[in-house]
Structures are given as structure tokens and as C-alpha cells.
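Let me begin by presenting the structure, written as C-alpha cells, before commenting on it.
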């Protein structure tokens, strides 16, 4: 598990400060479904952060851009590993040379 200390703490549903978010070592199927269902890069990032960190998307909306960047630095390798295991990591979008 990775922890990310927030530069700008946010509030949970009960008004308590959250100053650290924990990211698991692996992505579960529920997060894969979120990735599949949500369109738009920012909305997808918010949904993935909420799913992995176990916080409501409304709380994710309160994160600073710097904190989102720090979280995504920890989450991106998990997403890359997921794409590699599903075979989508090999897709480059370019066609083979003729």
C-alpha cells in the first residue's frame, strides 16, 4: 500500500480532516468497472481515486491539483500493470510499417 500525504487536507462526510490517503497495491474489479463506465479523463481520474482510496467523489472534487498529481503518480503504475495484464498495454495506436 502507498500513502499520499495531502498538501491541502480535505473533509470527510462527517467534517473530519483527511490529510492522508491510502492507495492499495492492486486494482480490484470494481475499479475496472469504474474505468470502463466513466468518460472523460478528469472524471475518470476522480472516479478511480474515489474507488481506490475509498472516499466519495465529492471529496475528490475538493482535492488540490497538486494532490491529484501526487495521487496519480502512485496510481498510474497500477493502471499500467492492469493494461499489461489485459493485453491493452501493447496497443500503441500505430499500425505496423508496410
Check on residue 5, modelled with pLDDT of 95 or more and surrounded by fewer than 16 Cβ atoms within 10 Å (Cβ to Cβ): yes
Total residues in segment 1-12, condition part of a strand (DSSP E or B) and touching a strand residue (DSSP E or B) at 6+ places or on another chain (Cβ under 6 Å): 7
Odd one out for residue 15 among (1) surrounded by fewer than 14 Cβ atoms within 10 Å (Cβ to Cβ); (2) assigned to a helix (DSSP H, G or I): (2)
Of residues in segment 75-89 being in contact with a helix residue (DSSP H, G or I) (Cβ under 9 Å, 6 or more places away or on another chain) and within 15 Å of residue 22 (Cα to Cα), the one modelled with the lowest pLDDT: 78
Test for residue 70: is it at pLDDT 90 or above, at negative phi and surrounded by 11 or more Cβ atoms within 10 Å (Cβ to Cβ): yes
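The values are calculated or read from the model by the stated rules, or taken from the named source; none is laboratory data. These numbers come from a predicted model, not from an experiment. Cβ atoms come from the backbone with ideal geometry, glycine included; neighbour counts cover every protein chain shown.
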